[in-house]
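The values are calculated or read from the model by the stated rules, or taken from the named source; none is laboratory data. Nothing here was measured: the structure is a model prediction, and the numbers come from that model. Every residue, glycine among them, receives a Cβ derived from its backbone with ideal geometry; neighbour counts consider all protein chains shown.
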Amino acid sequence: MHILCFFFLQLHAIRFEDVPSFTLHMLWQIIQYALLTAAEIMVSITVLIFAYAEAPKRYKVVILSYSLFIAAMGDLIVIFVASVRLTDNQVS
């Protein structure tokens with residue numbers, strides 16, 4: 001855990017100034033979003049099937065809350081990575 005925190009602190013300290021602009025069109029992201037959405041749906045369905053069919057009654061809420069907690073932690077990681085500014089101007 002300490003290594004991960006140290007990595008993110010070092011990543012935040014590094015700034016790249018001379019980054020060439022990319023020539024890919026923004027619509028290429030549709031493929032990535034489609035794959036990520038399909039993966040998220042498959043994982044969610046698997047967790048729900050396990051929670052309602054396989055888990056004992058007393059653990060159903062625990063499994064679903066753990067699944068939601070992990071999703072929230074992933075969202076917090078995305079927020080942290082998006083807030084790290086590696087360049088002064090991310091548009092150019």
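Quick notes on this one:
- Residue match in segment 18-29 (condition: surrounded by 10 or more Cβ atoms within 10 Å (Cβ to Cβ) and at pLDDT 85 or above): yes
- Evaluating Phe69 against the criteria (1) under 14 Å from the mean Cα position of the chain (by Cα); (2) modelled with pLDDT under 85; (3) not small (Gly, Ala, Ser) leaves one unmet condition, (2).
- Among (1) aliphatic (A, V, I, L, M); (2) at pLDDT below 85; (3) exposed (fewer than 10 other Cβ atoms within 10 Å of the Cβ), the one test that Ala53 misses: (2)
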